[in-house]
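The values are calculated or read from the model by the stated rules, or taken from the named source; none is laboratory data. Keep in mind it's a predicted model, so treat the numbers as computed, not measured. Every residue, glycine as well, gets a Cβ built from its backbone with ideal geometry; the counts of neighbours run over all protein chains shown.
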Amino acid sequence: MKRAAGIFMHPTSLPSPYGIGDLGDNALRWIDLLAANQQTFWQFCPLSPTGYGDSPYQTFCSFAGNTLLISPDELCRDGLLTKADLKAYPNLSDDRVDFGAVITTKEKLFRKAFDNFKDTKEFTAFCKKESAWLDDYALFRSIKTHHQERPWWEWDPDYKLREAKVLKTIAEQSAETIRYHKFLQFLFDKQWKKVRAYAATKKVQLIGDVPFYTAYDSSDTWAEPSQFLFDKNAKPIDVAGVPPDYFSETGQLWGNPLYRWDAMKKDGYTWWRRRIEKTLALVDYIRIDHFRAFDTYWAVPFGSATAATGEWREGPGLHFFDTIKKALGELPFIAEDLGDITPGVIKLREDIKAPGMKILQFAFDDNTENPYLPYNITTDSVTYTGTHDNDTSLGWFKSQTEAGRKRVCDYLGCAHTAKAFLDAFIRCALGSSSWLCLIPMQDVFGLGSEHRMNTPGKMWGNWQWRMTKIMPAAARMKRLAELTEIYGRAREKEAVEKEDAVDNK
């Protein structure tokens, strides 16, 4: 596989005048910027609607799109909003996403657009095609509003346990609310397809993300409880986490419901197949978060105060991937194989021929066999300077001890300064043996800790970073393009020539 490079940035981080990045013109211009500067890939976090803590990894539905990404400008072009509607939009922060303000203000715009919308053949066809998840999701959101947005396990029992007559009644009573949520999903789907099609014309490939677990408060768990490890009252028996380790004496208690892998195996992993198939309709590659759980996963009794009381259990293993591959064909996966990885996890990843992840920030301890050290990296991998869960590389460097900074700079062969470090660090990542190198946009800009995307364990204030129009994106990307060429990761010449021909028309 040809060496390549790309950028890691979530669409919410794009510039826009609406308080959050969206799928309008700036998304297309972003793709132009990637293509013009030798970048072949764009990676982002899950595109699903965010739930608890505004996290894209705690979503109300594994199949739905994040409607906060809907572009008001596109709605104006479609005749669903007026220029006056857009002009009346309040001035929100352009460098951070204030999710509360964005949700409130965009909801008002979306309601106006909905009032102006008449069902079309395209909308009807979308609702029919996506009915397997869309009907339950729209009903879930409607009932959730009926219960003052409380999680579904706190709903009245007839709703919680899906009593058929009650669901039929509220579906009839809430028909317009249900139609509204379907309308929003239709808009997201339409706008994302435009972005993806444009990326294809520019030869920019998209890498999406599938979290291993789903959120407890989701239409997934409410609509299909038989797929999850629940008791007869839809209460989790055990939940997800990771055991105590060097970083935490009590482990990490995530609380996500576990799967009934025996039941899933019997029906050919249908729920997972639909989930992967849906994601592949949106992207070219899928990064599988917490890949190790397909081999073994940590199960913690529900109600435990920490993750220390759990146990390891066997995941579905190779049988899962063989079954999915038989149904869908070749699977363009990237395995998030970070953390305490066993030989079994490595073998599973190699068996399905999925590249793993190498994080340069993890490389510089005293262990010469550290798998993240550049000289230990193999080609079947993707090298990152850091991910959405890491500090920015500049922030990471500054947080090291003096001895740690010296060790890193001595390895990189650069002066012991932050500026020299960052340039050498990005060079080191691009020069690795990995077939693909992905750099977070914050590192391209050389930004500090205040610009990190997510701090694991911190419940609020994450996922807010945005790229602003005053940031020197063109100059920084030009420098990255030079390094991309130096380290043999430039885009195919044919693709570049085609773009130049189009631009010169």
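Can you tell me which of Leu167, Leu134 is part of a helix (DSSP H, G or I), within 26 Å of Ala223 (Cα to Cα) and either in contact with a Lys or Arg (Cβ under 7 Å, 6 or more places away or on another chain) or at pLDDT below 95 (or both)? Show your work before the answer.
Values: Leu167 fails: either in contact with a Lys or Arg (Cβ under 7 Å, 6 or more places away or on another chain) or at pLDDT below 95 (or both).
It is Leu134.
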Give me a count of the residues in segment 223-233 that are at pLDDT 95 or above and farther than 25 Å from Glu130 by Cα. 3
Can you list the strands (runs of 3 or more DSSP E) lying wholly within segment 239-353 that have 2 or more residues being at negative phi, surrounded by 13 or more Cβ atoms within 10 Å (Cβ to Cβ) and modelled with pLDDT under 95? 252-257
Residues that are part of a loop (DSSP other than H, G, I, E, B), within 30 Å of Glu277 (Cα to Cα) and aliphatic (A, V, I, L, M), drawn from segment 66-84: Ile70
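Residues checked against (1) of a type outside the set (A, V, I, L, M, F, W, C); (2) assigned to a loop (DSSP other than H, G, I, E, B):
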| site | (1), (2) |
| --- | --- |
| Asp32 | yes, no |
| Leu47 | no, yes |
| Ala64 | no, yes |
| Leu86 | no, no |
| Tyr89 | yes, yes |
| Leu92 | no, yes |
| Glu107 | yes, no |
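Conditions tested, residue by residue: (1) closer than 24 Å to Trp465 by Cα; (2) surrounded by 13 or more Cβ atoms within 10 Å (Cβ to Cβ); (3) touching a helix residue (DSSP H, G or I) at 6+ places or on another chain (Cβ under 8 Å); (4) touching a residue at least 60 places away in the same chain (Cβ under 8 Å).
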{"site": "Glu74", "(1), (2), (3), (4)": "yes, yes, yes, yes"}
{"site": "Lys83", "(1), (2), (3), (4)": "no, no, yes, no"}
{"site": "Val97", "(1), (2), (3), (4)": "yes, yes, yes, yes"}
{"site": "Val102", "(1), (2), (3), (4)": "yes, yes, yes, yes"}
{"site": "Phe117", "(1), (2), (3), (4)": "no, yes, yes, yes"}
Working carefully through the options Tyr18, Tyr57, find the one that is surrounded by 21 or more Cβ atoms within 10 Å (Cβ to Cβ), assigned to a loop (DSSP other than H, G, I, E, B), in contact with an Asp or Glu (Cβ under 8 Å, 6 or more places away or on another chain) and among the aromatic types (Phe, Trp, Tyr). Tyr57
Pick from segment 372-394 the residues that are in a loop (DSSP other than H, G, I, E, B) and among the hydroxyl-bearing types (Ser, Thr, Tyr): which of them is nearest to the chain's Cα centre (by Cα)? Thr387
Please note which helices (runs of 4 or more DSSP H) are completely contained in segment 395-497 and include at least 1 residues that are farther than 25 Å from Ala27 by Cβ. 402-412, 418-430, 473-486
